[in-house]
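Below you'll find the structure, written out as structure tokens, and then a few comments.
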Amino acid sequence: MNYAIIAAGEGSRLVQEGVVVPKPLVDLDGRPMIRRLIDIFASYKPETLSIIVNEQMTAVREYIEEIAPTLPFPLRLTVKSTPSSMHSFYEVSRGFSEGKFILTTVDTIFRQPDFVRYAEAFDNDDSADGCFGVTDFIDDEKPLYVDTDAEGFITAFRDAPNGHDRYISGGIYGLTAPALDILADCMERGVSRMRNYQRALIDAGMHLRAFPFPKIVDVDHAGDIETARAFIAGK
């Protein structure tokens, strides 16, 4: 499995709220947030790992360069500031090898056993073009609501609730090679934002399965750090 981490955001809200450590290096369980994510990926068939950080995050770049030689799989680091997570995805996608890949943002917090079940299900699923992590735990400022059919395939992504919502997007994207062609087309057409790319996948006829996670937490504000720590600790 190929893995990718988007860690190119500025983390400006955390800075404004007094968090001086760059977001990817925030300690959640005795490890920097990004190292915890790398360790989770390493628990299920890692082949390659691609990471993107922005040009201002010198401490993050230095940390990744330090640990890269110790990892049992190749790590490709891209240092580039981008206007959106979709543009960051495009940059890291250039390093993908053949096969399936899973992409997340660095501040998407989930438990390792839940992720392993998800990765294994995606790995063994030959009926889907992709598999997205979703959750019925809604604690996001601007959630992306996910509609599914009776077989668990995603039919739509919506910005607004409709009163019958079951899931929101968890920011965990498992995809196959055809999705990269759609990404390139979105870039050419000037599409921005990951949620619009996800809509483009549906419009293109991609069969995306929704895989429910019991809970996924995003770290956007200083208060979310303690929420994430308690979640990881099982509290």
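If I filter the range 177-203 down to residues being in contact (Cβ under 8 Å) with a residue 24 or more places away in the chain and open to solvent by less than 20 Å² (accessible area, probe 1.4 Å), which single residue comes out as farthest from Asp123 (Cα to Cα)?
Cys186
For the range 191-223, give me each residue that is touching a Ser or Thr at 6+ places or on another chain (Cβ under 6 Å) and polar (S, T, N, Q).
Ser192
Could you look through the range 135-146, keep only residues that are at pLDDT 95 or above and more than 17 Å from Asp107 (Cβ to Cβ), and pick out the one that is surrounded by the fewest Cβ atoms within 10 Å (Cβ to Cβ)?
Tyr145
Here is a list: Glu98, Glu91. Which entry is at pLDDT below 95, more than 23 Å from Asp29 (Cα to Cα), surrounded by 16 or more Cβ atoms within 10 Å (Cβ to Cβ) and not polar (S, T, N, Q)?
Checking each option against the conditions leaves just Glu91.
Of all residues being small (Gly, Ala, Ser) and in contact with a strand residue (DSSP E or B) (Cβ under 6 Å, 6 or more places away or on another chain) in the range 1-51, which is farthest from Leu71 (Cα to Cα)? Just the residue, please.
Ala8
How many residues are β-branched (Val, Ile, Thr), at pLDDT 95 or above and farther than 16 Å from Thr148 by Cα when one looks only at the range 183-216? Don't jump to the end; show me each part of the working.
Looking only at the range 183-216, we keep the residues that are β-branched (Val, Ile, Thr), and these are 191, 202, 216.
Now narrow it down to the ones that are at pLDDT 95 or above: 202, 216.
Now narrow it down to the ones that are farther than 16 Å from Thr148 by Cα: 216.
Final tally of qualifying residues: 1.
How many residues are assigned to a strand (DSSP E or B) and within 22 Å of Asp114 (Cα to Cα) if we restrict to the range 136-177?
Residues flagged as assigned to a strand (DSSP E or B) and within 22 Å of Asp114 (Cα to Cα) within the range 136-177 amount to 15.
Residues that are small (Gly, Ala, Ser), at least 3 per element: which helices (runs of 4 or more DSSP H) completely within the range 7-96 meet that?
Per the criteria, 85-93.
For the range 122-135, give me each residue that is assigned to a helix (DSSP H, G or I) and either farther than 16 Å from Pro212 by Cβ or among the acidic types (Asp, Glu) (or both).
Matches in the range 122-135: Asp123 only.
Among the residues of the range 162-169, is any over 30 Å from Asp126 (Cα atoms) and at pLDDT below 95? Walk me through how you get there before you give the answer.
First, pick out the residues of the range 162-169 that are over 30 Å from Asp126 (Cα atoms): 162-163.
With the extra rule that they be at pLDDT below 95, the set shrinks to 162-163.
Yes - at least one qualifying residue is present in the range 162-169.
The values are calculated or read from the model by the stated rules, or taken from the named source; none is laboratory data. From a predicted model like this one, the values you see are computed outputs, not experimental measurements. All Cβ positions, even for glycine, are placed from backbone atoms using ideal geometry, and neighbour counts span all protein chains on display. Side chains are part of the model used for accessible areas, which takes the heavy atoms of the whole protein and leaves out ligands, DNA and RNA. Shrake-Rupley method; radii C 1.70, N 1.55, O 1.52, S 1.80 Å.
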